[in-house]
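S.K.: Pasting a structure here, questions to come.
The values are calculated or read from the model by the stated rules, or taken from the named source; none is laboratory data. Not measured: the values here are computed from a predicted model. Note that each Cβ is placed from the backbone with ideal geometry, even for glycine, and that neighbours are counted across all protein chains shown. Surface accessibility is based on the protein's heavy atoms, side chains included, excluding ligands, DNA and RNA. Shrake-Rupley method; radii C 1.70, N 1.55, O 1.52, S 1.80 Å.
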Amino acid sequence: MSGVAVVLLTKPLLAFGFTNLAMLGWLAAAAAPLLIHLWSRRRFRQVSWAAVEFLRAAVRKNARRLRLQNWLLIALRTLLIVLVVLALAEPTSQKIGQARGVGAPTHRVIVIDGSFSMAFKSDEQSLFERARQLARELVEDASVGDTFTLVVMGQPPDLVYPRPSPDKVTVVREISALKLSHQGADLSATLQMIRKTLDGDSGSGSGVDRQEVYFFTDLGRASWQLPELTGRPATSSGDQSEMSSARQQIAELSAIARLIVVDVGQVDMPNRAVVRLASRAPFSTPRTAASLYGMVANYSSVAETALPVQLLVEDVVVAEKTVDVAPRAEASVDFTHRFQVPGNHKVSLRIAGDRLTIDNARSLIFPVKEELQVLCVAGRPGAASYLARALNPSPSDSAGFSPLHPVVISDGELVDANFDQFDCVVLCNVPQLTKTEASQLVKYLRKGGGVIVFLGDQVLPDQYNQTLGEGSATGYLLPARLGDLASRPSYGLDPRDYRHPIVEVFEGQERAGLLTTPVACYYQLEIPEDHKHAQIAVALENGDPFIVTAPVGRGRSVLVATACDLDSVDPATGQPWSTMPAWPSFLPIVREMLLYAMGPADALGARRVGEPIGASVPDGAFGQEARIERPDKQVDAVSLSDSPGGLHWMYDQTDLSEVYTVTVYNTVQKFALNVDPAESDLARIGQEELPPELHIQKDGQAAAASTARQPVQIAGLQHALLYMALLLALLDVGLAWSFRKGAA
Amino acid sequence: MAFASNTDQPFLDPRVLARLQGLELRARRVVEGYVAGLHRSPFHGFSVEFAEHREYTPGDDLRYVDWKVFGKTDKVYLKQYEEETNLISYLLLDVSESMRYQSPEAPMSKLEYGQCVAASLAYLVLHQRDSVGLVTFDNTVRNFIRPNSNPSQLKKLLQTIRDVVPDQKTRTGPIFHDLAERLTRRGIVIVISDLFDDVDKMLTGLKHFRHCRHDVIVLHILDRAEVEFPFRQTTMFKGFEDLGNVLTEPQNLRKAYRAEVDTFLNHVRSGCRSQQADYLQVYTDQPLDLVLSRFLATRRKRTA
């Protein structure tokens, strides 16, 4: 079948063509009746005839009628042949076929890539905009009877209509109303959703014969490179267990629908992005300068020289630097800034605009505090006194340099304490914790708080292990199990090469006294096998762990094997467990532990777009709403929900990056969410890496060559032609018979 | 020729003649008068027939008084006899080219048929001791043989009949006129032709014959194909007598042609009838014996 479509444009609407062009050669056969007629007149019998006069008279009287009849029959037969040939040549039409809805009704699933890489601007129009335009064209050019489903490929994918809609106008409007999120795209979940839609539709008997899925995407590697898809391991660690093989899914889908990928991306899409912004310290005070650093990545093949990088505080540029970034590499930038005003400040790092602006800035909420609140829980009166002194040596001195503000309570007051007010909680020789207290503490820890646990002679190790240790109902808090009490003098500490952040600062500072801290009595700490993240910051001379840390949720837990008060006495020797509280190194080590426990500030900036945000609120806020101002200035509200842990709110519509400001119960909280840097790499996946079931169409030829525009065989026209030919044949027989009868 | 048993006399079919046995061609009218010139022939007695009575007027010959009637009615009547006139018949045979036509289904051409007819009639007339003459014509008179009742006349006639050369067009009208004058003695004029000519002129000619008090019989010889036009394929009809050719598809014309022929036939038939000429339409595929015997019988009934 010669597939050349000859387009005869008589009017814009009637774009005809023929699929079987060779058949048109048979039109020459239409000359047959005429030729036969002429030939027959040459071949005649010869008869001698006497009654010529009568014949002549008869001829003369009927000549005209005879001629007419003759030509009528010839014309009829010629037309008949022409019609049959035309019908056999399989006429096609582009728009006529659609206008009459002759093409089989199709259910078209339109999938638009919603990853933020689609915001890349190419020729005045972002890829997302281009995708939407193509999708709109696809819908508008579809024939009557087609139904549409709209899916946005994101994290998670979004199904705009639960059921396929035949209403073109509404679908086009929905397409136009789509907004790009700042997230990536979950291909596997999208495929599952598509599968559900197709299965649901074919079962509902909506009358469609064909199903097609159109992916409008830039084929970004971040979205499309799945390990099963390409056979190569993914660059980012994807959770393999949650996806059935994407390749398998595509194969299954291609059995029930035609899969078309419309590639709206370009081969070379250069991009720069700020991929990291963090602070070296978890907070800053108005008296000290904060040290901030960031990373700028160059995802292009061209080196960036003297790229301006700006530091903004509350969207005001406070510092600017330039940086050189090699192609396909990253460069770090450092800033220092002194915050004058305490509070939570939005700090952003920004680079100049390029084609994709979403990833050109990164923010975090940087707490600047006048002072930090540290809750010290004393298991015995005076157990926390040395600690409090170490935290703030001269509280009465208004010009005191320490921002740390210890609040000492007894363990009996623990039940009333609201941990959220404090930046860190320190347990000093607390015998045990109730389940409630433990769960509260764990919650606090998980949300990002810090806990330091000093042991002592009051501590009930089994209770600790049960309530706070591994396998407890509330979840573990302690980085290690409490083992046996050891009574072995140790005259030195092993900093373990100063690898841990807590002892980092002591490197080169032997005179600080850390190394000579005497410890006489301590609990042996056992780190369970599966505590992979537990770290031993400091060990004793004999190798037993002295300070162990572990991350718990967003927060950090620090466990010290001995006491922080001199009242913990070893009954055998009558000596305190450790003179560490009086040792000169106590102050710095406590401070470092505190800083470590409070966590790095970029934990706040490491929130990703798409992660839910939430916080607990005091019980007094019952019945109120949390008002959330989004980065696009829209305002959402969520109601507070009650749980055993207290009132809290949660918001999960975090599809945009930047800052979300939440107001509840007269307190304002800010959350900074940033895009996943992996999506900033606009490297594309090659066609050869994709499964063969996907038909790739390049944008540009996409619209013209899509099935909506493909000339559709007008079966109806073919049949009409054949019926007409049949009618003519009957007419021919009838006329010939009647002529003969009239003449005979 | 369908029958050629006797090549010497190819137009006399024994069967035909056998059929004609006992039939005779009679003149129509009663001819008054004496049996003048009674032949002392053995057949004489047979042919005298009583026709009717006439009242006696003084001066009539008394030999013919019917005394029986006088005896019955006391009135004197004369017997009138059908005169056994010496019947004179003229055979007018059309030997024009159109007579040559013979369709494939016909046993013989019109001319041959006419020849047979002429021969048979000549034989019949001579057999009944009457005179018969022959005129062959096309556009002029070709042969003119004076009527004679001598049996040797037959041979002469047959020869002439055989030796015709049909290659000319017919012109019956003027010829009839001409002949009407030339045929001095009243008799029966038998026209044997297809009459493919100007009908009106021909009828006028016939009228002339009638004017000269001839008894006219028209034997219209036609080929069935000429009337029914059974042709199917595209045919080039090549006309005789330089009439030209016509190429046509007969199927489309049949009806029209037949209409033309019917018009012609009706014209001829009605024209003959109005002239009180006997008209008989004969197809060449009809058996001659049947045709003639029937015709003669019909005519006898009429004239009796």
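S.K.: Please find, among A:ALA75, A:ALA50, the residue that is in contact with an Asp or Glu (Cβ under 8 Å, 6 or more places away or on another chain) and over 13 Å from B:LEU253 (Cα atoms).
M.R.: A:ALA50
S.K.: Also, I was wondering about something else. Looking at the range A:241-285, which of the residues that are in a loop (DSSP other than H, G, I, E, B) and among the charged types (D, E, K, R) is surrounded by the fewest Cβ atoms within 10 Å (Cβ to Cβ)?
M.R.: Top of the filtered list is A:ASP268.
S.K.: Look through A:PRO166, A:PRO162 and report the one residue that is farther than 20 Å from A:TRP224 by Cα, surrounded by fewer than 17 Cβ atoms within 10 Å (Cβ to Cβ) and not hydroxyl-bearing (Ser, Thr, Tyr).
M.R.: Only one candidate qualifies: A:PRO162.
S.K.: Any idea which of B:ASP262, B:ASP285 is open to solvent by 40 Å² or more (accessible area, probe 1.4 Å), acidic (Asp, Glu), more than 8 Å from chain A (Cβ to nearest Cβ) and farther than 30 Å from B:ALA119 by Cβ?
M.R.: Just a single option satisfies the conditions, and that option is B:ASP262.
S.K.: Somewhere in the range A:159-168, is a residue touching a residue at least 60 places away in the same chain (Cβ under 8 Å) and over 20 Å from the mean Cα position of the chain (by Cα)?
M.R.: For the range A:159-168, residues touching a residue at least 60 places away in the same chain (Cβ under 8 Å) and over 20 Å from the mean Cα position of the chain (by Cα): absent.
A quick yes/no check of all residues on (1) free of Cβ contacts under 8 Å to residues at least 60 places away in the same chain; (2) in contact with a Leu (Cβ under 9 Å, 6 or more places away or on another chain); (3) outside any strand (DSSP E or B):
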{"position": "B:THR204", "(1), (2), (3)": "yes, no, yes"}
{"position": "B:ARG213", "(1), (2), (3)": "yes, no, yes"}
{"position": "B:GLN233", "(1), (2), (3)": "yes, no, yes"}
{"position": "B:MET236", "(1), (2), (3)": "yes, yes, no"}
{"position": "B:LEU247", "(1), (2), (3)": "yes, no, no"}
{"position": "B:ARG254", "(1), (2), (3)": "yes, no, yes"}
{"position": "B:LEU265", "(1), (2), (3)": "yes, yes, yes"}
{"position": "B:SER270", "(1), (2), (3)": "yes, no, yes"}
{"position": "B:VAL282", "(1), (2), (3)": "no, yes, no"}
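S.K.: Given (1) of a type outside the set (Val, Ile, Thr); (2) closer than 15 Å to A:VAL111 by Cα; (3) buried (at least 22 other Cβ atoms within 10 Å of the Cβ), identify the lone condition not met by A:PRO156.
M.R.: (3)
S.K.: While we're on this one: Collect the residues in the range A:634-666 that are crowded, with 20+ Cβ neighbours inside 10 Å and free of Cβ contacts under 8 Å to residues at least 24 places away in the same chain, keeping them in residue-number order.
M.R.: The answer is none; no residue qualifies.
S.K.: How do the strands (runs of 3 or more DSSP E) wholly within the range A:546-652 filter down when requiring 3 or more residues that are of a type in the set (A, V, I, L, M, F, W, C): which remain?
M.R.: The qualifying strands (runs of 3 or more DSSP E) are A:555-560, A:613-617, A:635-639, A:646-651.
S.K.: Might you check whether a residue that is in contact with a Phe, Trp or Tyr (Cβ under 6 Å, 6 or more places away or on another chain) and farther than 16 Å from A:SER48 by Cβ occurs anywhere in the range B:265-273?
M.R.: Yes, the conditions are met somewhere in the range B:265-273.
S.K.: Which ranges mark the helices (runs of 4 or more DSSP H) fully within the range B:94-193 that have 2 or more residues being touching a Leu at 6+ places or on another chain (Cβ under 6 Å), within 17 Å of B:VAL216 (Cβ to Cβ) and open to solvent by less than 70 Å² (accessible area, probe 1.4 Å)?
M.R.: B:110-127
S.K.: Does any residue in the range A:27-54 that is more than 14 Å from chain B (Cβ to nearest Cβ) come within less than 9 Å, Cβ to Cβ, of a residue that is among the polar types (S, T, N, Q) and open to solvent by less than 100 Å² (accessible area, probe 1.4 Å) six or more places away or on a different chain, and which pairs are these?
M.R.: Pairs that qualify, where the first residue is more than 14 Å from chain B (Cβ to nearest Cβ) and the partner is among the polar types (S, T, N, Q) and open to solvent by less than 100 Å² (accessible area, probe 1.4 Å), are A:ALA30/A:THR78; A:ALA31/A:THR78; A:ALA32/A:THR78; A:PRO33/A:THR78; A:LEU34/A:THR78.
S.K.: While we're here: Of all residues in the range B:221-234, which are facing chain A (nearest Cβ under 8 Å) and within 13 Å of A:ALA58 (Cβ to Cβ)?
M.R.: Those that are facing chain A (nearest Cβ under 8 Å) and within 13 Å of A:ALA58 (Cβ to Cβ): B:GLU226, B:PHE231.
S.K.: Turning to a different aspect of this structure: Can you tell me how many residues within the range A:55-73 are surrounded by fewer than 17 Cβ atoms within 10 Å (Cβ to Cβ) and either in contact (Cβ under 8 Å) with a residue 40 or more places away in the chain or at the interface with another protein chain (Cβ under 9 Å from one of its Cβ atoms) (or both)?
M.R.: Counting residues in the range A:55-73 that are surrounded by fewer than 17 Cβ atoms within 10 Å (Cβ to Cβ) and either in contact (Cβ under 8 Å) with a residue 40 or more places away in the chain or at the interface with another protein chain (Cβ under 9 Å from one of its Cβ atoms) (or both) gives 4.
S.K.: Testing A:ARG350 on (1) part of a strand (DSSP E or B); (2) under 30 Å from A:LEU433 (Cβ atoms), one condition comes back false. Which one is that?
M.R.: (2)
S.K.: Going residue by residue through the range A:38-52, is there one that turns out to be at pLDDT 85 or above, among the aliphatic types (A, V, I, L, M), over 30 Å from B:VAL199 (Cα atoms) and loosely packed, with under 15 Cβ neighbours inside 10 Å?
M.R.: Checking the range A:38-52: not a single residue is at pLDDT 85 or above, among the aliphatic types (A, V, I, L, M), over 30 Å from B:VAL199 (Cα atoms) and loosely packed, with under 15 Cβ neighbours inside 10 Å.
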